[in-house]
Every structure is written in structure tokens, then in C-alpha cells.
Amino acid sequence: MCKAEQICFDNFRHYGILLPYGALNAHHNTQNRFIVDPTCSCVMTVSLDLLSGWDIFKIVQVRHRTADEDFYRKLFFYLHKQFEMFIDRLQKLTINFDLYNEDALKLNKKLNDKRFDRIYINNLGDESYVGIKSILTKLRLLLNANNQHATLITLFMNWLLSVPQSDQEEIMESILKNNSKYYSKWKQKFTLIM
């Protein structure tokens with residue numbers, strides 16, 4: 001991380017607010033209590049970086065009066081556009097959210113007559129939790145068979161850590177090479193932190 005990136009990263013971690021660095025923050029001057037506790041210390045893990053949750057290859061393409069290395073400004077404008085598109089879509093669609101605070105593997109019996117177009121299961125697919133085999137066996141039955149796009153959405157947060165150390169760098173190189181138009185320019189920007 002270059003010095004400019006470090007300053008922007010530290011600014012975000014201090015305030016918990018994603019704004020372009022140097023932007024006026026008179027109306028955004030209250031710390032985000034979800035990620036910063038009242039004593040002004042960060043409750044996020046030290047390694048957590050906002051950029052890691054989004055497609056970095058799309059973020060680096062943002063050209064909104066931003067310097068090439070100003071990733072947080074790029075992220076701000078990228079997310080602004082994503083939220084605008086999301087709000088536009090929400091206004092045109094009929095959407096129902098069903099939330100359950102129950103054992104996910106028992107839901108298929110409880111909801112045997114309901115079907116869903118999307119089922120979000122977070123990182124339950126990780127082997128350190130429920131595992132993908134159990135998730136697919138139990139929850140696929142709740143997908144809407146009349147919708148060819150019905151999907152289980154999962155996050156394999158610990159997947160890379162489950163791969164032998166000797167293979168991790170090769171896998172990351174492969175991912176970057178599959179996005180080859182960005183690979184040569186941004187190879188130096190990405191480091192594998194283990």
C-alpha cells in the first residue's frame with residue numbers, strides 16, 4: 001500500500017465513513033457506530049479493508065476525476081453508482097424479503113410449501129460451518145423450480161484458507177490472469193496476506 005492509499009485507509013478506519021479523501025464532511029461527521037465503538041477504536045479486524053468486498057477490477061476502471069491509486073475515491077463513486085442502479089431496480093420490481101432466525105438446515109421441513117427465487121445463506125457453505133454438501137442437499141429443495149435463474153447465494157469466506165499453503169499463490173495468480181487485461185497493470189497492487 002503506497003502512502004496515499006494508507007492515508008485514505010486510516011481515514012476510513014478512524015471515522016468509519018466512506019467519503020473521498022479531502023471531501024467536506026460537515027454533514028458526515030458522526031462516527032459509524034456499527035464499525036467504530038464510542039471510545040473511537042475500530043471494531044473491525046485489523047486486516048479488514050473495504051476494497052476486499054468488491055470487484056477491484058471494476059473499481060480501478062472508475063474515472064471520476066480520480067488519480068489511478070485513489071482506490072477509496074474510486075470505490076465511493078463505484079458504490080454510489082451501484083446504489084443508484086439498485087434503487088432504480090427496486091422501484092420497478094415486486095420484491096419480498098423473508099427473514100428467518102432458525103437452524104437453516106431445518107427450514108426445508110418448516111417451509112415445505114414455499115419456494116424462493118433467491119436464498120442467501122452467507123458463509124454457511126464453508127466447511128468450518130455447515131458445509132456446501134449439506135446446504136445443497138437441504139436448501140436446494142426450497143428453490144423455485146419454475147424459475148431457471150433461482151439461486152442459492154453463498155460466500156466461501158474461508159475457502160482460500162482451506163487450500164494448502166503451497167497452492168494459494170498459484171490460485172491467486174490464476175484468478176488475476178483470468179482477468180488478464182488488468183493483470184499486468186495491477187499485479188504489483190495485489191499482495192496475498194496470510
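The values are calculated or read from the model by the stated rules, or taken from the named source; none is laboratory data. Bear in mind the structure is a predicted one, so any value in this text is a computation, not a measurement. Cβ atoms come from the backbone with ideal geometry, glycine included; neighbour counts cover every protein chain shown.
With the condition kept exactly as written, say whether any residue in the range 47-55 is in a loop (DSSP other than H, G, I, E, B), farther than 30 Å from Phe116 by Cα and either of a type in the set (A, V, I, L, M, F, W, C) or modelled with pLDDT of 80 or more (or both). Yes, the range 47-55 contains at least one residue that is in a loop (DSSP other than H, G, I, E, B), farther than 30 Å from Phe116 by Cα and either of a type in the set (A, V, I, L, M, F, W, C) or modelled with pLDDT of 80 or more (or both).
Checked against the criterion of being assigned by TED's automatic domain parsing to the domain that holds Phe9 and among the acidic types (Asp, Glu), the candidates Glu69, Glu127 yield just one match: Glu69.
Note on the range 15-46: among residues that are of a type in the set (A, V, I, L, M, F, W, C) and modelled with pLDDT of 70 or more, the one that is surrounded by the fewest Cβ atoms within 10 Å (Cβ to Cβ) is Ala26. Of the listed requirements (1) at pLDDT 85 or above; (2) among the charged types (D, E, K, R); (3) in contact with a Leu (Cβ under 9 Å, 6 or more places away or on another chain), Glu169 misses just one: (1). Residues in the range 113-148 that are under 26 Å from Gly53 (Cα atoms), of a type in the set (A, V, I, L, M) and exposed (fewer than 15 other Cβ atoms within 10 Å of the Cβ): Leu136 only.
Scanning the range 56-76 for residues that are within 18 Å of the chain's Cα centre (by Cα) and in contact (Cβ under 8 Å) with a residue 24 or more places away in the chain yields a count of 8.
Would you call Asn123 part of a loop (DSSP other than H, G, I, E, B) and at pLDDT 90 or above? When the stated conditions are applied, Asn123 does not pass them. Scanning the range 63-78 for residues that are hydrophobic (A, V, I, L, M, F, W, C) and under 26 Å from Met157 (Cα atoms) turns up Phe71, Leu75, Phe76, Phe77.
For every residue, the table says whether it meets (1) farther than 13 Å from Arg140 by Cα; (2) out of contact with any strand residue (DSSP E or B) (no Cβ under 6 Å at 6 or more places or on another chain); (3) of a type in the set (S, T, N, Q).
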| position | (1), (2), (3) |
| --- | --- |
| Glu69 | yes, yes, no |
| Thr94 | yes, yes, yes |
| Asn108 | no, yes, yes |
| Asn112 | no, yes, yes |
| Phe116 | no, yes, no |
| Glu127 | yes, yes, no |
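With the structure loaded, tell me whether Tyr78 is among the aromatic types (Phe, Trp, Tyr) and not assigned by TED's automatic domain parsing to the domain that holds Leu19 or whether it fails that test. Against the criterion (among the aromatic types (Phe, Trp, Tyr) and not assigned by TED's automatic domain parsing to the domain that holds Leu19), Tyr78 does not qualify. In the range 79-133, of all residues being among the small types (Gly, Ala, Ser) and within 12 Å of Thr154 (Cβ to Cβ), the one that is nearest to the chain's Cα centre (by Cα) corresponds to Gly125.
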